[in-house]
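Have a look at the structure below, then the notes.
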Amino acid sequence: MRAFHPLKQFLSALFALCLCASAWAQKPAQGTAEEAVAMVQQVIASIKANGREKTLAEINNTTGGKFRDRDLYITVNDMQGKNLAHGANPKMQGKDLIDMKDADGKPFVRERVELAKTKGKGWQDYKFVNPVSKQIEPKSMYFEKYEDMIINCGIYKGAK
């Protein structure tokens with residue numbers, strides 16, 4: 001039988017904790033494209049499992065809902081450009097955004113609706129205010145059409 005070594009167990013636990021802390025500390029300050037795609041897919045899975053209303057309410061929880069991570073957040077539009085949920089800006093929730101334009105005058109919601117109708121899913125580039133930096137930055141939005149909605153999550157590319 002092996003002898004009980006409290007110091008050895010403590011050091012092993014401390015080492016494991018350091019490994020976990022190191023992995024956590026290396027999480028980038030900004031969300032990645034892979035994380036944005038995964039978050040959209042998590043929303044679709046949530047709609048299937050929990051229903052539309054419950055999932056949209058969780059997205060609209062702008063103070064720490066499960067669909068908010070650093071600068072990543074979900075938005076949901078209907079196929080006419082009306083916002084059904086916005087994870088970063090409650091003022092957008094329920095608004096008709098079809099004619100909204102970015103800093104360069106690009107009608108990005110209208111464009112995304114057309115892309116969703118023709119392609120079903122993909123990436124779209126435009127400029128938008130980053131909720132973390134509060135600056136207008138280039139953004140790539142991943143979108144997927146699901147039922148009669150467009151589920152979106154974008155990554156910011158930093159001010160240029």
Practice prompt. Among what's in the stretch 104-132 and is in contact with a Gly (Cβ under 8 Å, 6 or more places away or on another chain) and surrounded by fewer than 20 Cβ atoms within 10 Å (Cβ to Cβ), pick the residue that is nearest to H86 (Cα to Cα).
Written response: F128
Discussion item. For the structure I just gave you, tell me whether P138 is in contact (Cβ under 8 Å) with a residue 12 or more places away in the chain and within 23 Å of R52 (Cα to Cα).
Written reply: no
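When you go through I98, I74, I59 one by one, which is the residue that is aliphatic (A, V, I, L, M) and either more than 17 Å from P131 (Cα to Cα) or touching a Ser or Thr at 6+ places or on another chain (Cβ under 6 Å) (or both)? Steps first, answer last, please.
On the way: I74 fails: either more than 17 Å from P131 (Cα to Cα) or touching a Ser or Thr at 6+ places or on another chain (Cβ under 6 Å) (or both); I59 fails: either more than 17 Å from P131 (Cα to Cα) or touching a Ser or Thr at 6+ places or on another chain (Cβ under 6 Å) (or both).
Being aliphatic (A, V, I, L, M) and either more than 17 Å from P131 (Cα to Cα) or touching a Ser or Thr at 6+ places or on another chain (Cβ under 6 Å) (or both) holds for just one of I98, I74, I59, which is I98.
Residues checked against (1) under 24 Å from K119 (Cα atoms); (2) surrounded by fewer than 17 Cβ atoms within 10 Å (Cβ to Cβ); (3) free of Cβ contacts under 8 Å to residues at least 12 places away in the same chain:
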{"residue": "M39", "(1), (2), (3)": "yes, no, no"}
{"residue": "V43", "(1), (2), (3)": "yes, no, no"}
{"residue": "G64", "(1), (2), (3)": "no, yes, yes"}
{"residue": "D71", "(1), (2), (3)": "no, no, no"}
{"residue": "Q80", "(1), (2), (3)": "yes, yes, no"}
{"residue": "H86", "(1), (2), (3)": "yes, no, no"}
{"residue": "M92", "(1), (2), (3)": "no, yes, no"}
Fill in: Residue check for I98: more than 13 Å from the chain's Cα centre (by Cα) and hydrophobic (A, V, I, L, M, F, W, C)
yes
Practice prompt. State whether one or more residues within the stretch 108-119 are outside any loop (DSSP other than H, G, I, E, B), in contact (Cβ under 8 Å) with a residue 60 or more places away in the chain and among the hydrophobic types (A, V, I, L, M, F, W, C).
Written response: no
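Consider the stretch 37-71. How many of its residues are part of a loop (DSSP other than H, G, I, E, B) and of a type in the set (A, V, I, L, M, F, W, C)? So that I can check it myself, show each step before the final result.
Here is the first cut: in the stretch 37-71, the residues part of a loop (DSSP other than H, G, I, E, B) are 51, 60-67, 70-71.
When the remaining residues are screened for being of a type in the set (A, V, I, L, M, F, W, C), the result is 67.
Result for the stretch 37-71: 1.
Here, each number is a calculation from the coordinates, and none is a lab measurement. Please read these numbers as outputs of a predicted model, since none were measured by experiment. Don't worry about glycine lacking a Cβ; one is built from the backbone with ideal geometry, like all the others, and counts go over all protein chains shown.
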